[in-house]
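Notes follow once the structure below has been shown.
Please treat every number below as a calculation from the coordinates, not as lab data. Not measured: the values here are computed from a predicted model. For neighbour counting, all protein chains shown are included, and Cβ atoms are generated from backbone atoms with ideal geometry for every residue, glycine included.
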Ligand SMILES: C[S@@+](CC[C@H](N)C(=O)[O-])C[C@H]1O[C@@H](n2cnc3c(N)ncnc32)[C@H](O)[C@@H]1O
């Protein structure tokens, strides 16, 4: 099985489409770091929300294979130019994905409900004034509204509806997006999480977080309202995760 990823020289571009950058590379590195698990996981349907140039979905298709593996790939983007560029990038690498120009997964919810095994997202996460979110063209690539969370907070509940019972979500976040709060929020919905890659660049501190359904969490979370206490093993895991995240955050800010 190939462990190749997309080649930058074969990635197409357009002035209105986000070019692969540190965040795109960190996401692909996280997928590579988790590749053995992904292969063992045997996904049948993989999806990228916000495919931009196609660098990530192409890399995923090259990493996991296509025809012999029986994996189907879908990618969406709100920017029609991104869909065209992704098509060209996939073609240049000899791989294929179904491409849809839509807002997150609008129009696909019914067809894909609880059936996507892997979702990857490098969302617009830069804190901006709210009115910059969802603008046409390249601005939609980064404008994330207050705390950079506007689009992320719309994507998460949709991803949750699309993920299969064994579905995994890989999400790019910045420290300013408050990743520990995202993890807690997802935990309340029954998802465990771990940081696959944490990377500081000159401009940003990136976390690539992996989420997966954890039925033990779902059961114990349901116990909370009746017992009015959080089971200690849940609280221990929760606190250790939050501590880990805040520790990383503070050690990074003290070193910068
Ligand atoms: C930071 S770029 C990432 C592009 C590519 N995935 C990468 O990693 O290089 C975010 C992408 O999400 C797309 N996007 C923004 N809002 C979206 C939405 N509501 N639905 C679908 N795509 C969206 C943008 O057009 C852009 O291509």
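For this structure, a couple of remarks:
- Screening 107, 134 for residues that are in a loop (DSSP other than H, G, I, E, B), at positive phi and more than 11 Å from the ligand (Cβ to nearest atom) leaves exactly one candidate, 107.
- Restricting the stretch 110-131 to residues that are in a strand (DSSP E or B) and within 15 Å of residue 72 (Cβ to Cβ) leaves a set whose member that is nearest to the ligand (Cβ to nearest atom) is 120.
- Residues being in a helix (DSSP H, G or I) and within 9 Å of the ligand (Cβ to nearest atom) - total across the stretch 140-163: 5
- Criterion violated by residue 22 - all others in (1) in contact (Cβ under 8 Å) with a residue 24 or more places away in the chain; (2) closer than 23 Å to residue 159 by Cα; (3) within 13 Å of the ligand (Cβ to nearest atom); (4) in contact with a strand residue (DSSP E or B) (Cβ under 8 Å, 6 or more places away or on another chain) satisfied: (2)
- None of 71, 57 is in contact (Cβ under 8 Å) with a residue 24 or more places away in the chain and within 13 Å of the ligand (Cβ to nearest atom) except 57.
- Unique residue being in contact (Cβ under 8 Å) with a residue 12 or more places away in the chain, away from the ligand (no atom under 11 Å from the Cβ) and more than 15 Å from the chain's Cα centre (by Cα) when the list is 10, 32, 38: 10
- Top-ranked residue of the stretch 164-193 - restricted to ones that are within 17 Å of residue 116 (Cα to Cα) and within 16 Å of the ligand (Cβ to nearest atom), ranked as surrounded by the fewest Cβ atoms within 10 Å (Cβ to Cβ): 170
- Single match in 153, 131 (criterion: free of Cβ contacts under 8 Å to residues at least 12 places away in the same chain and either within 23 Å of residue 197 (Cβ to Cβ) or under 17 Å from the mean Cα position of the chain (by Cα) (or both)): 153
- If the condition is being closer than 26 Å to residue 10 by Cα and touching a helix residue (DSSP H, G or I) at 6+ places or on another chain (Cβ under 6 Å), then the stretch 97-117 contributes 97, 99, 101, 104.
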